[in-house]
Ligand SMILES: NC(=O)c1ccc[n+]([C@@H]2O[C@H](COP(=O)([O-])OP(=O)(O)OC[C@H]3O[C@@H](n4cnc5c(N)ncnc54)[C@H](O)[C@@H]3O)[C@@H](O)[C@H]2O)c1
């Protein structure tokens with residue numbers, strides 16, 4: 001554990017927030033998990049519990065660690081409950097106005113020495129930091145999905161982030177048994193700057209009728225040796241998140257090559273957001289999932 005961090009607040013109990021709470025608790029930190037939607041908190045805890053049990057079955061952790069990790073996670077019913085934590089990791093919906101409101105509510109109650117991190121996939125850390133009372137103690141800690149499985153975490157300094165914040169964040173992430181890579185604060189950082197245009201191009205390939213969902217995913221799995229096809233991956237990330245990241249790239253870099261595919265927009269407008277809503281490029285209500293195009 002990192003010496004100046006004992007307790008961690010996690011905001012957002014969705015796919016990423018519950019994964020972050022999981023790995024942080026397994027590493028021995030006390031966790032307070034908050035979500036604006038009460039049911040998401042309960043669902044997040046159920047997911048953590050299921051994933052911990054799976055890790056025990058796979059021999060990755062023992063039964064005692066599972067029970068201790070679960071005991072370390074407290075569900076918080078307000079942001080005020082996070083006031084005495086040493087580090088808060090924001091993992092709410094990828095929407096700058098939502099994140100801004102969270103920081104406006106959190107900063108006045110949060111211990112002034114605490115570090116705030118955002119798990120944003122694409123939004124400027126410098127701009128998010130400027131909306132807080134502590135830009136020097138603000139940093140991007142970008143976990144990958146699914147958090148308990150993926151080794152990499154990107155660290156992104158805002159323009160004002162001081163060395164102490166950066167070193168504390170790095171030591172914290174390494175204490176979770178993750179590997180860090182450092183990205184400059186430009187739209188979508190490294191992983192998503194490269195990955196998301198590929199996914200968007202796969203959606204254009206579908207939109208233009210070059211191939212079906214199955215053909216595109218099979219082509220990239222067997223032809224490029226990707227572990228899963230780009231459309232399956234898009235469903236896994238969440239199509240709303242994919243669209244938000246493409247919009248940040250398109251607007252932030254002012255280059256038409258990042259234009260979000262209209263078919264992606266249509267899926268998001270339909271509420272077909274991928275695995276988390278049961279339907280995206282595949283329909284997960286069927287077993288095995290069937291392509292929707
Ligand atoms: N999905 C991915 O693969 C991935 C990977 C890395 C980073 N991220 C980033 O992580 C963040 C969360 O993404 P996700 O995939 O977990 O999304 P998600 O939709 O699964 O979860 C978002 C959660 O935030 C909650 N929320 C919304 N407004 C809130 C508020 N005001 N206060 C507290 N909670 C609020 C929602 O209720 C929801 O439970 C985003 O910034 C996203 O870009 C996502």
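Working carefully through the options 60, 32, find the one that is more than 10 Å from the ligand (Cβ to nearest atom), outside any helix (DSSP H, G or I) and in contact with a strand residue (DSSP E or B) (Cβ under 7 Å, 6 or more places away or on another chain).
Working: 60 fails: in contact with a strand residue (DSSP E or B) (Cβ under 7 Å, 6 or more places away or on another chain).
None of the other options fit; the residue is 32.
Does residue 40 count as in contact with a helix residue (DSSP H, G or I) (Cβ under 9 Å, 6 or more places away or on another chain), without any contact (Cβ under 8 Å) to a residue 40 or more places away in the chain and within 25 Å of residue 277 (Cβ to Cβ)? So that I can check it myself, show each step before the final result.
Numbers: in contact with a helix residue (DSSP H, G or I) (Cβ under 9 Å, 6 or more places away or on another chain): yes; without any contact (Cβ under 8 Å) to a residue 40 or more places away in the chain: yes; within 25 Å of residue 277 (Cβ to Cβ): yes.
Considered against the rule, which asks whether it is in contact with a helix residue (DSSP H, G or I) (Cβ under 9 Å, 6 or more places away or on another chain), without any contact (Cβ under 8 Å) to a residue 40 or more places away in the chain and within 25 Å of residue 277 (Cβ to Cβ), residue 40 comes out as yes.
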### Query
With (1) crowded, with 20+ Cβ neighbours inside 10 Å; (2) free of Cβ contacts under 8 Å to residues at least 40 places away in the same chain as the list, and residue 121 as the residue in question, which single condition is left unmet?
(2)
### Query
Can you tell me which of 135, 112 is in contact (Cβ under 8 Å) with a residue 24 or more places away in the chain, surrounded by fewer than 22 Cβ atoms within 10 Å (Cβ to Cβ) and farther than 22 Å from residue 147 by Cβ?
135
### Query
Does segment 74-87 include one or more residues that are closer than 28 Å to residue 187 by Cβ, outside any helix (DSSP H, G or I) and modelled with pLDDT of 95 or more?
yes
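Looking only at residues in segment 108-127 that are touching a strand residue (DSSP E or B) at 6+ places or on another chain (Cβ under 8 Å) and more than 10 Å from the ligand (Cβ to nearest atom), which one is nearest to residue 158 (Cα to Cα)? Working first, answer last.
The first filter runs over segment 108-127 and keeps only residues touching a strand residue (DSSP E or B) at 6+ places or on another chain (Cβ under 8 Å), leaving 110, 114-121, 125.
From the residues that got through so far, the ones that are more than 10 Å from the ligand (Cβ to nearest atom) too are 110, 114-117, 125.
Numbers: 110: 20, 114: 16, 115: 13, 116: 12, 117: 11, 125: 5 Å.
In this case the residue turns out to be 125.
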### Query
Given the conditions (1) within 14 Å of the ligand (Cβ to nearest atom); (2) part of a helix (DSSP H, G or I); (3) closer than 30 Å to residue 56 by Cα, and given that residue 169 satisfies all but one, which numbered condition is not satisfied?
(1)
#### Entry: Breaking point among (1) within 15 Å of the ligand (Cβ to nearest atom); (2) in a helix (DSSP H, G or I), for residue 25
(1)
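Among the listed residues 173, 153, identify the single one that is surrounded by 17 or more Cβ atoms within 10 Å (Cβ to Cβ), out of contact with any helix residue (DSSP H, G or I) (no Cβ under 9 Å at 6 or more places or on another chain) and free of Cβ contacts under 8 Å to residues at least 40 places away in the same chain.
Working: 153 fails: out of contact with any helix residue (DSSP H, G or I) (no Cβ under 9 Å at 6 or more places or on another chain).
Testing whether each residue is surrounded by 17 or more Cβ atoms within 10 Å (Cβ to Cβ), out of contact with any helix residue (DSSP H, G or I) (no Cβ under 9 Å at 6 or more places or on another chain) and free of Cβ contacts under 8 Å to residues at least 40 places away in the same chain leaves just 173.
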### Query
Given the conditions (1) in contact with a helix residue (DSSP H, G or I) (Cβ under 6 Å, 6 or more places away or on another chain); (2) touching a residue at least 40 places away in the same chain (Cβ under 8 Å), and given that residue 28 satisfies all but one, which numbered condition is not satisfied?
(1)
### Message
Please verify whether residue 257 is surrounded by fewer than 15 Cβ atoms within 10 Å (Cβ to Cβ), touching a helix residue (DSSP H, G or I) at 6+ places or on another chain (Cβ under 9 Å) and under 26 Å from residue 97 (Cα atoms), treating the condition exactly as stated.
### Response
yes
### Message
Show the residue pairs meeting these rules: Cβ distance below 9 Å; 6+ apart or different chains; first residue within segment 256-274 and without any contact (Cβ under 8 Å) to a residue 12 or more places away in the chain; second residue in a loop (DSSP other than H, G, I, E, B).
### Response
266/272
### Query
Can you name the condition, by its number, that residue 187 falls short on among (1) assigned to a helix (DSSP H, G or I); (2) touching a helix residue (DSSP H, G or I) at 6+ places or on another chain (Cβ under 6 Å); (3) under 15 Å from residue 123 (Cβ atoms)?
(1)
### Query
Just one of 201, 154, 174 is within 14 Å of the ligand (Cβ to nearest atom) and outside any loop (DSSP other than H, G, I, E, B); which is it?
154
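The values are calculated or read from the model by the stated rules, or taken from the named source; none is laboratory data. Just so you know, these numbers come straight off a predicted model, no measurement behind them. Every residue, glycine as well, gets a Cβ built from its backbone with ideal geometry; the counts of neighbours run over all protein chains shown.
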